[in-house]
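Please read the structure below before turning to the comments.
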Amino acid sequence: IPRDYYVTLHSYGAKDKLTHSGIYGINETVKTAEDLLDTDINYYVRVNFTTVIKLVDKLGGIDVYSDYSFTTSDKLYTFKKGYNHMNGEEALRFSRERYSFASGDNQRVKNQQHVIEAIMKKVLNSTTLLTKYTDILDSLKGSFQTNIAQDDISSLVKDQINNMSSWTIKSNSLTGTGASSSTYSMGSTKLYVMVPNLTSVTSAKEKIDEVLGE
């Protein structure tokens, strides 16, 4: 979901950017996303820039797919189309770039999905990394929040170690049109927002239901 998506805040019934929902707490973001997609979100992980750098470096780097060849707007990093091996700083810059793409924020969201997928594949396909999950989580203390209980994390890791099943990771991006509108958090001041493409929202709901078997 693009961070500038123009959505209705769950607790206030007013329009704002999705990213601004975090001003009112992580639960407001979760509930607002639930309303948008008409689905229950049981668990969340909230990360910051430092989390990405620390995690990727702790994993010894990741192999990330890039849809395009491009150089970041600060001219510091260049990525080729296809797979690129990245350290933490490179993965963060890849995730944050938007000015190099005609579709701007839409492509940035896709790039972030590529990074998440690369992290998951690196961890899930390695018994060595899975058995060191407590060490990995300890290295991230203070830079992420989650409501997933430690026992649940342990159970998931043990299950994966026992069967090492392969995962099919599916990604989907909501789209919209740029506009200038007032927001609940900033009053009458007009800001850039992305007005949701309702067809893409409906499609996302259907894909979620398909995965959940509903």
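Worth pointing out:
- Taken as a whole, the condition of being open to solvent by 30 Å² or more (accessible area, probe 1.4 Å), in contact with a Phe, Trp or Tyr (Cβ under 8 Å, 6 or more places away or on another chain) and not hydroxyl-bearing (Ser, Thr, Tyr) does not apply to ARG98.
- Qualifying positions in segment 102-112 - open to solvent by 40 Å² or more (accessible area, probe 1.4 Å) and assigned to a helix (DSSP H, G or I): LYS110, GLN112
- Test: residue in segment 37-51 that is aliphatic (A, V, I, L, M), closer than 27 Å to ILE208 by Cα, modelled with pLDDT under 95 and surrounded by 14 or more Cβ atoms within 10 Å (Cβ to Cβ): yes
Table: residues versus (1) of a type in the set (D, E, K, R); (2) surrounded by fewer than 18 Cβ atoms within 10 Å (Cβ to Cβ); (3) over 28 Å from ILE41 (Cβ atoms); (4) modelled with pLDDT of 95 or more.
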site	(1), (2), (3), (4)
LYS58	yes, yes, no, yes
VAL64	no, no, no, yes
SER143	no, yes, no, no
ASN147	no, yes, no, yes
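- Qualifying residue in segment 127-134 (condition: touching a helix residue (DSSP H, G or I) at 6+ places or on another chain (Cβ under 7 Å) and closer than 29 Å to GLY176 by Cβ): no
- Answer from SER155, SER95, SER185 - the residue that is hydroxyl-bearing (Ser, Thr, Tyr) and within 27 Å of VAL64 (Cα to Cα): SER95
- Test: residue in segment 156-170 that is open to solvent by less than 70 Å² (accessible area, probe 1.4 Å), closer than 27 Å to ARG96 by Cβ and touching a strand residue (DSSP E or B) at 6+ places or on another chain (Cβ under 9 Å): no
- Qualifying strands (runs of 3 or more DSSP E) (wholly inside segment 28-89; at least 2 residues being touching a residue at least 60 places away in the same chain (Cβ under 8 Å)): 45-47
- First in segment 4-23 and without any contact (Cβ under 8 Å) to a residue 24 or more places away in the chain, second anywhere and open to solvent by less than 20 Å² (accessible area, probe 1.4 Å) and part of a helix (DSSP H, G or I), Cβ under 6 Å, 6 or more apart: SER11/GLU28; SER21/GLU28; SER21/THR32
- Test: residue in segment 175-185 that is assigned to a loop (DSSP other than H, G, I, E, B), in contact (Cβ under 8 Å) with a residue 40 or more places away in the chain and in contact with a His (Cβ under 8 Å, 6 or more places away or on another chain): yes
The values are calculated or read from the model by the stated rules, or taken from the named source; none is laboratory data. These numbers come from a predicted model, not from an experiment. Cβ atoms come from the backbone with ideal geometry, glycine included; neighbour counts cover every protein chain shown. Ligands, DNA and RNA are stripped out before the accessible areas are found, and what is left, the full protein with its side chains, is counted by its heavy atoms. Shrake-Rupley method; radii C 1.70, N 1.55, O 1.52, S 1.80 Å.
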